[in-house]
Amino acid sequence: MNLGTFSVSLAVKDIKASRKFYELLGFTVFDGKEEDNWLMLKNGSTKIGLFQGMFEGNLLTFNPPDVRSIQKVLKANHVTLALEADETTTGAAHISFTDPDGNMILIDQFDEPVKD
């Protein structure tokens, strides 16, 4: 199962303050728009997303080339999905579920390749 790239998506209270903090740690913005309340930052191969007002709690995020094939495997193994992708479509889609400890996992496929 190819989960693609990994990042931690942080639900932040103040995107400007969070951006400033993570830039102090050496992260730089490589995608997103602060005015749209989301940014993607990287430091070497480490990536984090900052999201203000979009979801509750932090997420483990994977960006695979084919979310629907992953969904089929998870469903076949009786993983309960909180959000499912439409298997009759192609392209961008996402699914979400929790691990046994309640950590939210987002598997999010983009139409375009994920920027490094």
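Throughout, read-outs are computed from the coordinates displayed, never taken from laboratory work. Everything quoted here is computed from the prediction, not taken from an experiment. Cβ sites come from the backbone with ideal geometry, for glycine too, and all protein chains shown count toward neighbours.
Compared with the dominant principal axis of the Cα atoms in the chain, helix 67-76 is inclined by about 50°. Seen against the Cα atoms of the chain and their longest principal axis, helix 15-24 is set at about 80 degrees. Under the rule that an exposed site lies in a DSSP loop and has at most 13 other Cβ atoms within 10 Å, name the longest stretch of the chain with no GluC sites (Glu not before Pro) of that kind, not counting the sites themselves. By the stated rule (loop sites, at most 13 other Cβ atoms within 10 Å), 1-55. Among 12, 79, sorting on how many other beta-carbon atoms sit within 10 Å of each Cβ, with the fewest leading, yields 79, 12.
Among 18, 9, 96, the ranking by other beta carbons within 10 Å of each residue's beta carbon, starting with the fewest, stands as 96, 18, 9. Loop-located trypsin sites (Lys or Arg not before Pro) in the stretch 43-116 (DSSP state not H, G, I, E or B) with no more than 15 neighbouring Cβ atoms inside 10 Å: 115. Beta bridges per DSSP, both residues in the chain: antiparallel share near 70 percent.
For the pair residue 89 and residue 23, the difference between a 0.36 nm per residue extended length and the Cα-Cα distance amounts to 19.9 nm. Comparing Cα centroids, the stretch 55-105 and the stretch 11-36 end up 25 angstrom apart. The helix-only estimate of mean residue ellipticity at 222 nm for the chain, built from DSSP H runs of length n ≥ 4 each weighted as -39500 (n - 2.57), is -5000 deg cm²/dmol after division by the residue total.
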